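Below: one structure, written as structure tokens.
The values are calculated or read from the model by the stated rules, or taken from the named source; none is laboratory data. Since the structure is predicted, the reported quantities are computational estimates derived from the model, not experimental observations. Don't worry about glycine lacking a Cβ; one is built from the backbone with ideal geometry, like all the others, and counts go over all protein chains shown.
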């Protein structure tokens with residue numbers, strides 16, 4: 001998806017005439033990253049279908065609260081207000097970061113499309129261009145995700161991992177001001193904001209396993225008649241991969257405070273591979289398991305990896321993390 005977002009609820013710039021049809025109302029959070037992502041989706045939909053799209057800004061509780069995600073209800077706090085707007089008919093569809101969607105399917109709503117996935121990697125943004133190995137003992141590294149906290153502590157138990165909240169500007173600002181030595185962010189977010197060059201190190205998924213759904217966008221609607229139109233944005237290999245990851249997460253029944261990673265890859269040979277991770281927040285212990293299956297049964301693969309992790313003691317690790 002490419003394109004520039006509308007900032008004020010107006011139709012996306014460059015949209016062709018809608019042929020007399022009203023513009024579709026796309027609900028989005030108002031952060032710079034959310035607007036960039038929604039603008040990309042809007043531009044792609046207009047290019048594919050000719051329908052004009054306008055962005056409708058929705059403020060979620062997750063945007064206004066400064067409490068830790070584990071204290072305010074987890075990832076759902078970023079999507080509930082958008083879903084309420086869908087139920088109320090205030091918007092026609094919504095775009096979410098897929099990793100923010102709870103795994104339980106909401107009644108009456110449809111996941112109409114999953115965009116082609118961007119980079120799944122996490123990155124380090126550090127002062128003086130440093131990489132993780134270059135940070136001195138006791139360096140303060142910020143992140144808001146329990147998964148990243150656990151993996152950082154596994155990789156560098158001598159660091160001080162600091163929980164933080166805020167948008168990309170706020171988080172990188174902690175580094176620029178000297179409050180923190182580094183922060184860990186998603187590469188996809190920096191790329192969508194045109195700020196990829198600010199990363200001082202890109203972690204491979206083998207080093208820092210991403211969050212289930214990381215790098216993909218979810219398009220959700222209520223009106224079934226819109227599904228064929230929105231489905232033009234769907235990318236089947238990405239949908240298969242994230243379905244496996246999210247199924248694993250659902251079977252694990254992992255809460256937002258549990259460090260869980262998941263990364264699936266759909267190969268050209270119709271084989272889907274999935275790696276799952278469960279750890280303690282302290283980083284003292286982690287379990288990782290990889291399996292492969294058919295791309296036509298991502299749910300089965302997700303269940304298999306989750307059950308393998310549970311058989312090895314994942315439930316106990318998640319209880320320690322709660």
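Residue-by-condition table, conditions (1) assigned by TED's automatic domain parsing to the domain that holds residue 110; (2) in contact with a helix residue (DSSP H, G or I) (Cβ under 6 Å, 6 or more places away or on another chain); (3) farther than 29 Å from residue 135 by Cβ:
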site: 174; (1), (2), (3): no, no, no
site: 178; (1), (2), (3): no, no, no
site: 186; (1), (2), (3): no, no, no
site: 190; (1), (2), (3): no, yes, no
site: 207; (1), (2), (3): no, no, no
site: 212; (1), (2), (3): no, yes, no
site: 229; (1), (2), (3): yes, yes, yes
site: 250; (1), (2), (3): no, no, yes
site: 253; (1), (2), (3): no, no, yes
Among the listed residues 205, 157, which satisfies the condition of being over 29 Å from residue 237 (Cβ atoms) and in contact (Cβ under 8 Å) with a residue 40 or more places away in the chain? 157
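For segment 86-115, which residues satisfy the criterion of being part of a loop (DSSP other than H, G, I, E, B) and in contact with a strand residue (DSSP E or B) (Cβ under 9 Å, 6 or more places away or on another chain)? Step through it out loud before you land on a result.
As a first pass, look at segment 86-115 and keep what is part of a loop (DSSP other than H, G, I, E, B): 88-92, 101-109, 115.
Within segment 86-115, 90, 91, 92, 101, 105, 106, 109, 115 qualify.
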Here is a list of conditions, (1) modelled with pLDDT of 95 or more; (2) buried (at least 18 other Cβ atoms within 10 Å of the Cβ); (3) out of contact with any helix residue (DSSP H, G or I) (no Cβ under 9 Å at 6 or more places or on another chain), and residue 82 meets all of them except one; can you say which number that is? (1)
Can you give me the number of residues within segment 269-280 that are surrounded by fewer than 20 Cβ atoms within 10 Å (Cβ to Cβ) and more than 16 Å from residue 206 (Cα to Cα)? 3
Residue under question is residue 222, and the condition is that it be in contact with a helix residue (DSSP H, G or I) (Cβ under 8 Å, 6 or more places away or on another chain) and in the same structural domain as residue 87 (by TED's automatic domain parsing); does it hold? yes
What do you reckon, is residue 45 buried (at least 21 other Cβ atoms within 10 Å of the Cβ), over 19 Å from the mean Cα position of the chain (by Cα), within 22 Å of residue 192 (Cα to Cα) and at pLDDT 95 or above? yes
Looking at 308, 279, 244, 314 in this structure, which one is touching a strand residue (DSSP E or B) at 6+ places or on another chain (Cβ under 6 Å) and under 28 Å from residue 221 (Cα atoms)? 244
